[in-house]
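The values are calculated or read from the model by the stated rules, or taken from the named source; none is laboratory data. Please read these numbers as outputs of a predicted model, since none were measured by experiment. For neighbour counting, all protein chains shown are included, and Cβ atoms are generated from backbone atoms with ideal geometry for every residue, glycine included.
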């Protein structure tokens with residue numbers, strides 16, 4: 001849409017009406033405007049401030065916080081290539097460069113026609129290299145597909161007319177178990193609730209031992225019970241579908257193929273805690289799933305399983321609205337997610353109080369992830385005994401794993417808790433494996449001697465990410481990628497995380513460039529300890545996990561990259577001047593120091 005004063009006024013008016021002129025919906029209003037103009041024009045910021053009673057500085061702060069929002073035009077077509085380590089291993093950077101060359105543009109310098117850049121993991125690690133175009137996923141990219149995309153852009157073809165196969169997202173389910181294979185009967189969990197009552201459902205969830213599937217493992221029945229018992233006239237149900245941990249994509253399947261169970265799980269929770277309103281926070285990278293989820297909500301309303309008078313029961317009223325994220329990993333943390341739902345920057349809150357007593361707009365709120373709600377619905381339908389037939393004593397049930405990296409059969413695998421890592425590697429066909437990164441960038445790097453260890457809360461917990469690296473990979477590349485991810489995704493609230501993640505990333509870069517000594521390794525450990533011990537939230541506290549596990553379990557990786565194994569500092573002065581050369585737009589011999597290191 002042309003960026004004219006008349007268009008600005010019309011779109012702003014439409015977005016404000018769609019989102020009830022509510023300041024808490026600011027982020028959703030901004031996303032709608034961004035999709036129309038490829039940025040948020042300055043006159044609209046002023047108009048929104050007047051309409052919502054917000055200062056321009058507040059609105060500009062929200063725009064600056066989310067990586068998918070921009071104050072300057074990004075081009076008619078905005079392409080963001082996934083920069084997760086798995087996509088890099090598959091050649092995403094070279095493909096981005098090829099597209100830029102074909103279109104005659106620079107990466108990171110958008111033109112009126114097109115902008116090309118990078119983003120964090122897009123949740124398509126099993127069918128990468130992947131990218132987003134105007135928020136929609138492009139999968140299985142190769143040189144041929146890149147050339148086709150370049151042609152579509154050069155011809156000015158509307159996105160709706162691009163070949164459908166470019167946007168195809170496969171399920172890629174490689175192994176099913178109880179959760180994915182058990183038939184689901186719509187409404188069965190709600191009818192069980194009608195028979196057993198709220199206490200009966202809570203007792204069944206307690207007996208099942210269901211823990212949150214996002215990785216933290218908090219008891220689901222206890223969270224629901226605490227929220228139900230918290231004082232307040234209104235209670236809220238929130239689904240965290242902000243699946244942003246690098247290498248994780250199992251919720252994508254549940255959102256696409258098992259939305260009925262998800263919605264039923266949220267509705268079940270609403271019946272238990274007395275909620276009338278639900279919010280599903282869908283990560284911006286999964287915008288391709290939005291229409292399907294809206295249709296699933298519509299079908300549930302038509303069937304009398306959502307909305308007013310559910311199951312024909314007077315007073316059983318509950319409905320769900322979808323809110324989109326806008327590219328901020330930190331919003332996977334439940335209090336940051338609530339801040340984002342309220343239209344603000346996703347800065348994690350200080351706790352206590354916890355969301356179960358003071359959550360969305362101050363109301364008692366349950367926040368669970370997609371897999372947890374699906375499991376809760378199936379337990380209510382099938383009973384705790386069904387759930388307890390799988391898993392271990394401390395980790396009952398099954399877990400969905402997102403398997404990617406160096407294996408011929410990447411995809412989604414469901415296993416009983418207690419399954420050893422070596423079983424997963426065998427099933428996906430991995431060979432000559434050097435390491436497995438379990439639980440994403442915030443997780444741990446597991447060496448071959450520990451492949452007999454089990455996926456379980458009591459042994460190796462995970463939210464679902466399982467990235468495989470063979471012996472041809474440099475593990476430092478992966479750890480450097482993770483540290484760059486955390487430096488980029490830090491919300492900036494606290495100094496230890498804001499500064500520490502960048503220092504960690506830069507120091508690791510020095511190791512990769514073979515300009516480090518043992519002193520740098522010591523510094524890395526000190527930085528890691530500071531991050532863990534002083535960061536405000538889990539992002540900074542978990543940012544050094546992968547580094548520390550590599551130092552402990554793969555020490556030779558670092559020793560082999562040191563310029564000197566003594567504690568004598570090593571410094572590459574020429575490399576340190578690279579930023580100055582870029583600013584001066586010089587790369588001629590005269591801009592370099594002869595010999596480089598000192």
Do we have residue 360 as over 27 Å from residue 186 (Cα atoms), out of contact with any strand residue (DSSP E or B) (no Cβ under 7 Å at 6 or more places or on another chain) and either surrounded by fewer than 18 Cβ atoms within 10 Å (Cβ to Cβ) or not assigned by TED's automatic domain parsing to the domain that holds residue 456 (or both) here? no
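Results for (1) under 22 Å from residue 482 (Cα atoms); (2) crowded, with 21+ Cβ neighbours inside 10 Å; (3) assigned by TED's automatic domain parsing to the domain that holds residue 551, shown as yes or no for each residue.
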| site | (1), (2), (3) |
| --- | --- |
| 404 | yes, yes, no |
| 410 | yes, yes, no |
| 413 | no, yes, no |
| 434 | yes, no, no |
| 439 | yes, yes, no |
| 454 | no, no, no |
With (1) surrounded by 13 or more Cβ atoms within 10 Å (Cβ to Cβ); (2) at pLDDT 65 or above; (3) not in a helix (DSSP H, G or I) as the list, and residue 587 as the residue in question, which single condition is left unmet? (1)
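Conditions tested, residue by residue: (1) at pLDDT 95 or above; (2) closer than 21 Å to residue 285 by Cα; (3) surrounded by 18 or more Cβ atoms within 10 Å (Cβ to Cβ).
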residue: 5; (1), (2), (3): no, no, no
residue: 8; (1), (2), (3): yes, no, yes
residue: 16; (1), (2), (3): yes, no, yes
residue: 26; (1), (2), (3): yes, yes, yes
residue: 36; (1), (2), (3): yes, yes, yes
residue: 40; (1), (2), (3): yes, yes, yes
Which numbered condition trips up residue 158, out of (1) in the same structural domain as residue 245 (by TED's automatic domain parsing); (2) more than 24 Å from residue 332 (Cα to Cα)? (1)
For the range 252-266, give me each residue that is within 13 Å of residue 180 (Cα to Cα) and part of a helix (DSSP H, G or I). 253, 254, 255, 256, 257, 259, 260, 261, 262
Going through the range 277-324 in order, the residues found to be assigned to a loop (DSSP other than H, G, I, E, B) and farther than 20 Å from residue 256 by Cβ are 304, 308, 309, 313, 314, 315, 316, 317
For the range 467-502, which positions are in a loop (DSSP other than H, G, I, E, B) and either assigned by TED's automatic domain parsing to the domain that holds residue 119 or surrounded by fewer than 18 Cβ atoms within 10 Å (Cβ to Cβ) (or both)? 471, 472, 473, 474, 492
Please count how many residues of the range 130-142 are part of a loop (DSSP other than H, G, I, E, B) and in contact with a strand residue (DSSP E or B) (Cβ under 7 Å, 6 or more places away or on another chain). 3
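The rows are residues; the columns are (1) in contact (Cβ under 8 Å) with a residue 12 or more places away in the chain; (2) part of a helix (DSSP H, G or I); (3) crowded, with 19+ Cβ neighbours inside 10 Å.
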{"residue": "123", "(1), (2), (3)": "yes, no, yes"}
{"residue": "144", "(1), (2), (3)": "no, yes, no"}
{"residue": "157", "(1), (2), (3)": "no, no, no"}
{"residue": "165", "(1), (2), (3)": "no, yes, no"}
{"residue": "170", "(1), (2), (3)": "yes, no, no"}
Matching option when the condition is within 26 Å of the chain's Cα centre (by Cα) and within 26 Å of residue 227 (Cβ to Cβ), among 322, 310: 322
